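One structure is given here, and the rest of the page talks about it.
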Amino acid sequence: MRRRDFLAGSGGSLLYALHPSRLLAFSPTSPPLKRGLRFALDSRCNAGIRSAVQQLAASAATHPLLSVMAGGERPALVEASQLLAHPDELAYNHIILIGRPDNPLLVAASQREARFSSGEIYVFGFGAFRGDCGYIESDRNPFLHAARISFAPYETELIAITGTSERGILLALDAFRQHSLANGIVAKEGWQRPEATLLDRDPLPPNFISPTLALPQLLDYTRIGITQASEDEYRGVLADTGITPQLIWRAKYYRSGAWDEAGASAAFDAYSNGLHRRAYGSTLWLAQFTDSLQAAVAAPKIAAAAGLSLKQTNLWTGAQPAYANGTYPGEHKSSGPLSLAQHGAWLLMSTLQGDALSALS
């Protein structure tokens with residue numbers, strides 16, 4: 001099944017199932033000419049969370065990601081239950097959704113990557129945790145791609161911010177405010193693992209440091225978010241090189257117009273340039289090894305696995321694989337360029353258009 005078809009029947013269909021009396025009476029209206037940004041807050045959140053969300057909304061003009069989503073307009077702060085009753089409002093705006101994990105809107109938007117129960121969380125690729133943990137996941141807005149909407153006039157994104165506790169939600173909000181963390185888990189000291197899995201990766205500490213090589217501005221791109229890599233990605237590097245990196249980050253960049261194309265022919269590009277943890281378009285991938293020698297050993301092996309060719313010393317170039325089932329008229333046959341370079345103990349891979357890795361030198 002194509003991802004676009006899966007999205008058309010997933011998030012929106014689940015919302016119909018959860019609240020049929022509220023949604024079945026609505027039919028899509030003409031979309032607004034311009035998207036906005038909505039902060040949707042769970043009404044059960046305490047005053048501390050509400051204050052943090054208000055401060056975050058007030059920073060929209062200067063926050064790297066929020067400024068792109070707001071588009072120069074003032075974002076609105078609404079109760080999540082209000083948006084639940086207005087599906088067009090949900091679909092045609094970027095949404096920052098903050099609340100407890102059992103909030104109906106959060107449940108409807110969930111990607112099923114995480115499972116919450118009695119102060120615990122399990123996240124695929126990170127494992128199980130007990131304690132004060134904050135969790136952030138992002139994707140293109142599932143309500144825009146629901147069956148009830150026949151045509152997407154542009155792309156909208158949805159970011160869900162939640163946690164195992166009120167303190168966990170505050171940790172996630174702080175990570176989003178300070179670092180534009182779009183996907184990841186942050187835990188306060190004292191967290192525990194109730195069980196071990198094959199793909200365990202520790203959460204970020206509250207005082208984590210973003211990768212400095214991911215410059216705020218690169219060519220004509222702006223860095224809008226970072227994603228914490230999960231253990232399966234570390235295992236992939238191990239399989240290709242025989243070495244496990246110390247750290248892996250992915251920095252998401254944005255270029256004006258990336259979310260503006262309409263219709264099915266833009267679906268894969270819109271997803272790839274979006275904020276989902278597996279969306280690799282407009283991305284700088286950064287892996288830190290023990291030292292430069294170890295990185296130098298790993299580089300040609302990663303290049304070989306990716307089908308890249310050596311262009312000059314420490315620079316390999318090529319193309320990303322084509323999108324799966326990319327057969328709609330107007331769709332790109334290749335999902336864009338791919339390049340790899342070494343910077344000391346770091347290996348960097350870029351899917352940005354242009355010579356981004358040389359610009360980092």
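The values are calculated or read from the model by the stated rules, or taken from the named source; none is laboratory data. Computed from a predicted structure; not experimentally measured. Here Cβ is always computed from backbone atoms with ideal geometry, including for glycine, and neighbour counts include all displayed protein chains. When the accessible area is computed, the model is the full protein with side chains, heavy atoms only, and any ligands, DNA or RNA have been set aside. Shrake-Rupley method; radii C 1.70, N 1.55, O 1.52, S 1.80 Å.
Structure values in brief
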| read-out | value |
| --- | --- |
| Stretchable slack from S309 to D260, in nm (0.36 nm times residue separation minus alpha-carbon distance) | 14.4 nm |
| Counted charge near P211, where neighbours are those whose Cβ lies closer than 12 Å (Asp, Glu -1; Lys, Arg +1) | +2 |
| Calculated [θ] (222 nm, deg cm²/dmol) that DSSP helices of n ≥ 4 give over the chain, each run adding -39,500 (n - 2.57) | -7500 deg cm²/dmol |
| Relative contact order (percent, whole number), segment 189-287, Cα cutoff 8 Å, 6+ residue spacing | 25 percent |
| Two-site FRET efficiency, A76 against R177, from Cβ-Cβ distance with R₀ of 22 Å, rounded to 0.05 | 0.75 |
| Rounded accessible area of L247 (nearest 10 Å², 1.4 Å probe) | 70 Å² |
| Accessible area (Å², per residue) of the chain, counting only protein heavy atoms and a probe of 1.4 Å | 43 Å² |
| Net charge, P153 excluded, C-beta distance under 14 Å - Lys, Arg +1, Asp, Glu -1 | -1 |
| Label-point separation in nm, S67 to T290, each point 7 Å along Cα→Cβ | 4.2 nm |
| Protein-only accessible surface order, largest first, of R130, R35 at 1.4 Å | R130, R35 |
| Net charge of neighbours whose Cβ lies under 9 Å from the Cβ of G163, counting Lys and Arg as +1 and Asp and Glu as -1 | 0 |
| For W191, solvent-accessible area (1.4 Å; no DNA, RNA or ligand), Å² | 70 Å² |
| Lysines whose Cα lies under 20 Å from that of K301, excluding same-chain neighbours fewer than 8 positions away | K311 |
| Burial order of peptide ranges 305-311, 103-109 (average beta-carbon count within 10 Å, highest first) | 103-109, 305-311 |
| Exposure ranking of M349, M69 by accessible area [1.4 Å probe, largest first] | M349, M69 |
| Per-peptide average of other Cβ atoms within 10 Å, ordering 91-100, 52-61 highest first | 91-100, 52-61 |
| Relative contact order of the chain, defined on C-alpha pairs under 8 angstrom at six or more residues apart (%) | 14 percent |
| Dipole axis of the chain (+1 Lys, Arg; -1 Asp, Glu on Cβ), positive-most option in A299, V186, P64 | P64 |
| Percentage relative contact order, segment 297-361, counting C-alpha pairs under 8 Å, at least six apart | 25 percent |
| Partners for K188 among lysines (Cα-Cα distance below 29 Å; same-chain residues under 8 apart left out) | K252 |
| Percent carbon-and-sulfur accessible area, the chain, ignoring ligands, DNA and RNA, probe 1.4 Å | 54 percent |
